[in-house]
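Before any comments, here is the structure.
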Amino acid sequence: MRSCPDQDLTSHNIPGKRIKRLTENWTSIVSLFLLSILLGGVSVASGRTLSASGTGNNSPLYDIGNPNVRDVWVDPVGGSDGNSGESSTAALQTLAEAWNRIPTGLTLSLGYRILLMPGDYPEANLPSSGWMAGRLGTYEFPIILQAANGAHTVRLHGSMDLSDCHYLYMISLDFVTDPGYGGGNVIHVSSSDHILIRDSKLDGFDGSVRAPQETLKINQAQYVYVENCEIAGAFWFPLDFVAVQYGNIVNSRIHNSGDDCMVLKGGTAYFRIEGNEVYDCSVVGFSAGQGTGFDFMVSPWVHYEAYDLKFVNNVLHDIQNAGIAVRGGYNILIAYNTLYRIGIDTGVGASLLLVGQGSRSCDGDGAACELRHEAGGWGPTTVGDGGEWVPNRNVYVYNNIFYNPSPARTMSTHFTISAPATPPTNTNIPSPASSDTNLRIRGNLIWNDGQDLSLGVGDEGQGCQSSNPTCNPSQLLADNVINAVELHLVDPDHGDFRPDSGSTVFTVPTYTIPNFGWDDAPSTPSAPSGDLSNSVPIDRDGATRSSTGPPGAYAGVMFSRSSSTTQNHTSTPIPEFPAPIWVLLALAGTVVLLRVVGHKKGRALL
């Protein structure tokens with residue numbers, strides 16, 4: 001990262017005269033050696049490091065690059081809004097003031113990095129009502145909100161409502177919900193692009209209730225990246241994306257919901273969701289599609305609820321309804337996930353996997369619904385009309401583990417696959433609207449308390465009839481291992497969902513996942529083609545998968561840990577000094593020792 005050259009910041013420049021005399025001056029060698037250690041991820045002028053982003057696997061993370069920024073420091077205790085903000089000793093006091101120093105409505109020609117010193121930031125310290133809008137960063141000149149001393153050192157007691165922001169990165173921030181506060185979202189992002197949330201904790205639970213409707217709500221946005229985060233505590237959805245295209249959700253924990261834990265809907269497209277842990281969900285764990293007001297969708301993604309989602313290498317556990325649902329999806333890959341204690345609500349009769357139609361309605365803006373309908377989108381045009389009519393096409397459910405050890409089990413069926421629906425003729429939705437067109441469920445290991453339950457397909461009022469060439473009762477029994485062998489995991493009660501050595505999971509056949517096409521996507525309007533490859537080359541631990549590897553998120557036990565897989569992701573702090581003093585002393589001592597040894601042998605080693 002490059003800081004603004006007119007800042008008075010610590011530098012590590014070594015004058016040319018000293019470079020010529022390195023062999024004569026051992027202190028210069030120490031300086032050079034320190035420099036070579038520190039330069040990985042260091043701001044060229046400032047000597048301050050960016051957030052480290054450790055991963056639980058090899059999922060590609062958003063590359064921040066080497067942006068050019070001006071640092072603005074904030075200290076909620078020792079700062080003053082009358083200060084310059086150019087250093088930690090001249091810090092501002094409020095995030096509101098720091099935000100106000102970023103030009104509004106102009107494409108930036110210099111980025112801004114707001115460095116938050118450790119401490120608690122009350123709601124009054126934030127911009128009024130959390131409203132943060134009209135800041136137009138670029139890849140070279142972004143806007144960064146970052147904890148100066150790393151993860152879990154900054155606690156923001158309030159919410160953020162971001163609109164019309166570009167290239168905004170939030171790194172190592174903890175959002176705390178105080179008792180009596182909430183009702184909306186912890187973070188809401190709309191009409192924005194290139195939003196990164198990394199190494200952060202968003203918690204809507206105030207100690208007694210789930211306060212916000214959604215913890216992280218993003219709508220009508222593009223290029224959104226959620227990495228190494230914990231997102232929890234909503235009375236609806238901890239994570240809710242509506243009409244969001246391009247990005248990832250990786251290596252994060254999403255949990256403690258009053259409804260579904262993760263929902264990507266409303267024309268959300270082109271996301272890789274990998275290496276996450278999803279748990280303690282009152283309804284569904286992960287849902288590709290669900291239901292959306294037609295008037296909130298963005299062209300050309302105005303047909304399906306979800307397009308081109310890759311949900312791989314995740315662990316889902318302790319989920320009351322279906323672990324995974326696909327409702328109105330196109331080209332949806334569900335592969336190599338491990339699900340444990342799912343569909344266990346004894347009151348509603350849930351299943352392990354739900355594949356059904358998504359819902360579509362016109363919620364309040366009839367003119368907007370009509371506009372989308374005239375362009376070829378799928379939905380009603382009369383406010384108040386709606387129904388579960390949006391079909392699925394090309395849903396691949398490959399090589400997963402669904403494991404319910406006794407007494408956990410679903411009540412009546414393994415699957416819920418919906419029968420075709422008949423949408424109204426004035427919606428543009430194809431009729432019949434089938435949930436199971438090119439639905440493929442293969443290579444899955446299922447243990448549902450060993451009970452002789454119905455598949456949940458093939459009967460009247462269900463999908464996957466015997467006439468369906470890709471999904472039917474006989475095919476499901478032939479291509480999946482269902483209640484035939486019980487597997488064993490290392491220690492799921494303490495967070496280790498890897499298969500135990502010698503587990504039967506290693507004897508279960510899996511299938512090569514075919515790639516998707518795009519030629520059967522709606523053409524009016526036409527959405528850009530997504531990632532057609534369905535390769536999952538590594539497992540949740542980063543180990544290479546073999547073509548005959550086992551189902552589930554883990555390909556082996558060689559990376560097994562006895563401790564919980566729940567990770568406390570940390571960030572590299574931004575140091576005030578180039579290195580700890582003990583490093584300097586240790587290196588200096590090493591150099592002196594080498595010189596002494598060298599002189600005893602008649603030559604100087606350094």
_Condition first: in contact (Cβ under 8 Å) with a residue 12 or more places away in the chain and farther than 20 Å from TYR330 by Cβ. Now tell me which residues in segment 363-379 satisfy that._
ASP363, GLY364, ASP365, GLY366, ALA368, CYS369
*Checklist (1) farther than 27 Å from ARG360 by Cα; (2) open to solvent by less than 10 Å² (accessible area, probe 1.4 Å) applied to ASP178, failing item*: (2)
*Out of all the residues in segment 417-466, which are under 28 Å from SER503 (Cα atoms) and of a type in the set (S, T, N, Q)?*
ASN444, ASN448, GLN451, SER454
*Identify all residues within segment 81-95 that are small (Gly, Ala, Ser), in a loop (DSSP other than H, G, I, E, B) and surrounded by fewer than 18 Cβ atoms within 10 Å (Cβ to Cβ); write none if there are none.*
GLY82, SER84, SER87
*From ALA221, ALA243, ALA234, which residue is in contact with a helix residue (DSSP H, G or I) (Cβ under 8 Å, 6 or more places away or on another chain) and not charged (D, E, K, R)?*
ALA243
*State whether the residues of segment 183-192 include one that is over 19 Å from ASP280 (Cβ atoms), assigned to a loop (DSSP other than H, G, I, E, B) and modelled with pLDDT under 95.*
yes
*Name, by its number, the condition in (1) touching a Leu at 6+ places or on another chain (Cβ under 7 Å); (2) open to solvent by less than 20 Å² (accessible area, probe 1.4 Å); (3) farther than 18 Å from GLY289 by Cβ; (4) of a type outside the set (Phe, Trp, Tyr) that does not hold for ILE441.*
(3)
*All but one of (1) buried (at least 20 other Cβ atoms within 10 Å of the Cβ); (2) under 30 Å from ASP178 (Cβ atoms) hold for LEU108; which doesn't?*
(2)
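Can you tell me which residues in segment 313-338 are open to solvent by less than 10 Å² (accessible area, probe 1.4 Å) and farther than 19 Å from HIS255 by Cβ? It would help to see each step written out before you state the result.
Within segment 313-338, the subset open to solvent by less than 10 Å² (accessible area, probe 1.4 Å) is 313-316, 319, 322-326, 328-335, 337-338.
Within segment 313-338, VAL326, GLY328, GLY329, TYR330, ASN331, ILE332, LEU333, ILE334, ALA335 meet the criteria.
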*asked:* Given the criterion under 30 Å from CYS369 (Cβ atoms), buried (at least 24 other Cβ atoms within 10 Å of the Cβ) and more than 12 Å from the chain's Cα centre (by Cα), identify the matching residue among ASP260, ASP240.
replied: ASP260
*Kindly list, by first and then second residue, each pair from a residue in segment 279-296 that is more than 16 Å from ASN256 (Cβ to Cβ) to a residue that is open to solvent by 10 Å² or more (accessible area, probe 1.4 Å) and in a helix (DSSP H, G or I), limited to pairs with Cβ atoms under 8 Å and residues at least 6 apart or on different chains.*
PHE294/ALA368; PHE294/ARG372; PHE294/HIS373; ASP295/GLY366; ASP295/ALA368; ASP295/ARG372
_Being touching a helix residue (DSSP H, G or I) at 6+ places or on another chain (Cβ under 6 Å), under 23 Å from LEU162 (Cβ atoms) and modelled with pLDDT of 95 or more narrows it down to one residue among LEU136, LEU115, LEU106, LEU92; which is it?_
LEU92
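Does GLU214 satisfy being in contact with a Lys or Arg (Cβ under 8 Å, 6 or more places away or on another chain), open to solvent by less than 10 Å² (accessible area, probe 1.4 Å) and either touching a residue at least 12 places away in the same chain (Cβ under 8 Å) or of a type outside the set (Val, Ile, Thr) (or both)? Full working, then the answer.
Details: in contact with a Lys or Arg (Cβ under 8 Å, 6 or more places away or on another chain): no; open to solvent by less than 10 Å² (accessible area, probe 1.4 Å): yes; either touching a residue at least 12 places away in the same chain (Cβ under 8 Å) or of a type outside the set (Val, Ile, Thr) (or both): yes.
No, not satisfied.
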*asked:* Is it the case, given these coordinates, that GLY233 is over 26 Å from PRO67 (Cβ atoms), open to solvent by less than 20 Å² (accessible area, probe 1.4 Å) and at pLDDT below 95?
replied: no
*asked:* With the requirement that a residue be over 14 Å from TYR307 (Cβ atoms) and touching a Pro at 6+ places or on another chain (Cβ under 7 Å), what does segment 500-532 give you?
replied: VAL505, PHE506, VAL508, THR510
*Could you tell me whether any residue of segment 478-494 is open to solvent by 60 Å² or more (accessible area, probe 1.4 Å) and within 21 Å of GLN320 (Cβ to Cβ)?*
yes
_Quick check on segment 444-474: of everything there that is more than 23 Å from GLY387 (Cβ to Cβ), in a loop (DSSP other than H, G, I, E, B) and not polar (S, T, N, Q), which residue is most open to solvent (accessible area, probe 1.4 Å)?_
ASP452
*How many residues does segment 149-164 contain that are part of a loop (DSSP other than H, G, I, E, B), of a type in the set (A, V, I, L, M) and in contact with a helix residue (DSSP H, G or I) (Cβ under 7 Å, 6 or more places away or on another chain)?*
0
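Name the single residue that is farthest from VAL242 (Cα to Cα) among those in segment 193-226 being assigned to a loop (DSSP other than H, G, I, E, B) and among the acidic types (Asp, Glu). Even if it seems obvious, please write down each step before you answer.
From segment 193-226, those assigned to a loop (DSSP other than H, G, I, E, B) are 199-200, 204, 206-209, 211-213; that's our starting set.
Those left that are additionally among the acidic types (Asp, Glu): 199, 206.
On the way: ASP199: 23, ASP206: 26 Å.
Step by step, filter segment 193-226, then rank; the result is ASP206.
Take VAL457 and decide whether it is over 18 Å from VAL485 (Cα atoms) and touching a residue at least 60 places away in the same chain (Cβ under 8 Å). Reasoning before the result, please.
Numbers: over 18 Å from VAL485 (Cα atoms): yes; touching a residue at least 60 places away in the same chain (Cβ under 8 Å): no.
Criteria not met by VAL457.
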*Within segment 339-354, can you find the residues that are aliphatic (A, V, I, L, M) and open to solvent by 20 Å² or more (accessible area, probe 1.4 Å)?*
ILE344, VAL348, LEU354
*Which of the residues spanning segment 489-512 are free of Cβ contacts under 8 Å to residues at least 60 places away in the same chain and either part of a helix (DSSP H, G or I) or over 30 Å from SER533 (Cβ atoms) (or both)?*
ASP493, ASP500, SER501, GLY502, THR504, PHE506, THR507
*segment 398-433, residues that are part of a loop (DSSP other than H, G, I, E, B) and in contact with a Lys or Arg (Cβ under 8 Å, 6 or more places away or on another chain)*: ASN399, PRO405, ALA408, ILE429
*For residues that are touching a Gly at 6+ places or on another chain (Cβ under 9 Å), part of a loop (DSSP other than H, G, I, E, B) and loosely packed, with under 15 Cβ neighbours inside 10 Å, tally how many sit in segment 513-541.*
3
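The values are calculated or read from the model by the stated rules, or taken from the named source; none is laboratory data. Just so it is clear, the model here is predicted, and its values are computed rather than measured. Please note: Cβ atoms are built from the backbone with ideal geometry, for glycine as well, and neighbour counts cover all protein chains shown. Calculation scope for accessible area: heavy atoms of the full protein, side chains included, ligands and nucleic acids excluded. Shrake-Rupley method; radii C 1.70, N 1.55, O 1.52, S 1.80 Å.
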